[in-house]
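The structure appears right after this line, and notes come after that.
The values are calculated or read from the model by the stated rules, or taken from the named source; none is laboratory data. Not measured: the values here are computed from a predicted model. FYI the Cβ positions are ideal-geometry reconstructions off the backbone, even for glycines, and counts take in every protein chain you see. In case anyone asks, the SASA skips ligands and DNA or RNA and just uses the protein heavy atoms, side chains included. Shrake-Rupley method; radii C 1.70, N 1.55, O 1.52, S 1.80 Å.
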Amino acid sequence: MALVVICGQPCSGKSTAALFLAEALKESESKQTVRIIDETSLHLDRNQSYANMTAEKNLRGVLRSEVDRSVSKDNIIIVDSLNSIKGYRYELWCLARAAGIRYCVLYCDIEETNCRKWNEERRDKGEAAYDDVIFEDLVRRFEKPERRNRWDSPLFELWPHKDGIDKSCAAILDAVSYLTKKVDSKTQDVKILQPTIATQSVRFSEANSLYELDRATQEVINAILEAQSQALGGPLNGVSLGQEFPTFNISRSVGLPELRRLRRTFIKLTGQTSLSGRPPPSDADSAKRMFVDYLNRELGTA
């Protein structure tokens, strides 16, 4: 039904906000089924998870995969983590869009000095806390959400140090209203994300169509990697697969892991039952066009 992304500096009150939001949702008239996904629920240590860039990337991957498995139109998922990288919030927004559900961000806005103080108090009490080096690194790299970004909107803001956090906070009440409000043809203030043609789940009619899709998308990836290799790190002016295909338009280098992830998502979405719209192509050339359009859309807005 919805995906809620909790965002904030380390030790800014995110977990407390997540718990109060979950409690308020369960007590609402709609009696929502709510699940919180965080490092603790996945048995991950916060210092080990942010010890270096590789560990942090793995953490985001684990959280993203768990969200991908959990989102549905029957429950509300709350992602309680730093979610400090705007590109990562965009990826979570894409999961909500592909699932056709509501999405919002709950931001704990607090001064760094207060976060640092709360972290030290937790350490003194023997509670889970960040090491100083890790804490300072996370604070430095934090990317504040901006409501003008679609992946940061709607944005509900909390001020934990000034107002405290409880179920009666305006931001939590507004979030509950947004997440539980019934939607009809006259509803204007609630947005349910809709899959685009490129991300809709569609059905292939021929027995070998998934094989053709797999082969066609791999050929596209090979062409992109070859073009980047020939450019020797220089700028790309687009990758052409032939006159009958659209051009892959991107000026930055795209790594193989990112391309593989996008390919897996595309195949997963394309191989399932159609939601709506025109039927998918069942030949390799049409699959290539569809995949290039998908890459242009996803990478062009990331």
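Any residue in the stretch 81-97 that is on the phi > 0 side of the Ramachandran plot sitting within a Cβ distance under 8 Å of a residue that is in a helix (DSSP H, G or I) and open to solvent by less than 10 Å² (accessible area, probe 1.4 Å)? List the pairs, counting only those 6 or more apart or interchain.
Final answer for the pair search is Asn83/Arg89; Asn83/Leu92.
Ala24 is checked against (1) open to solvent by 40 Å² or more (accessible area, probe 1.4 Å); (2) under 20 Å from Phe156 (Cα atoms); (3) not hydroxyl-bearing (Ser, Thr, Tyr) and fails just one. What number does that condition carry?
(1)
Output the number of residues of the stretch 114-128 satisfying the condition of being touching a residue at least 24 places away in the same chain (Cβ under 8 Å) and of a type in the set (D, E, K, R).
2
Does Glu146 count as open to solvent by 10 Å² or more (accessible area, probe 1.4 Å), in contact with an Asp or Glu (Cβ under 7 Å, 6 or more places away or on another chain) and in a loop (DSSP other than H, G, I, E, B)?
Criteria met by Glu146.
Which of the residues spanning the stretch 94-105 are in a helix (DSSP H, G or I) and either modelled with pLDDT of 95 or more or under 20 Å from Leu25 (Cβ atoms) (or both)?
Within the stretch 94-105, Leu95, Ala96, Ala99 meet the criteria.
For the stretch 244-259, check the following and say yes or no: at least one residue is at pLDDT 70 or above, surrounded by 12 or more Cβ atoms within 10 Å (Cβ to Cβ) and farther than 26 Å from Pro195 by Cα.
yes
Kindly indicate the residue of the stretch 60-87 that is in a helix (DSSP H, G or I) and open to solvent by less than 10 Å² (accessible area, probe 1.4 Å) and also nearest to Arg150 (Cα to Cα) among those meeting that condition.
Among those that are in a helix (DSSP H, G or I) and open to solvent by less than 10 Å² (accessible area, probe 1.4 Å), it is Val67.
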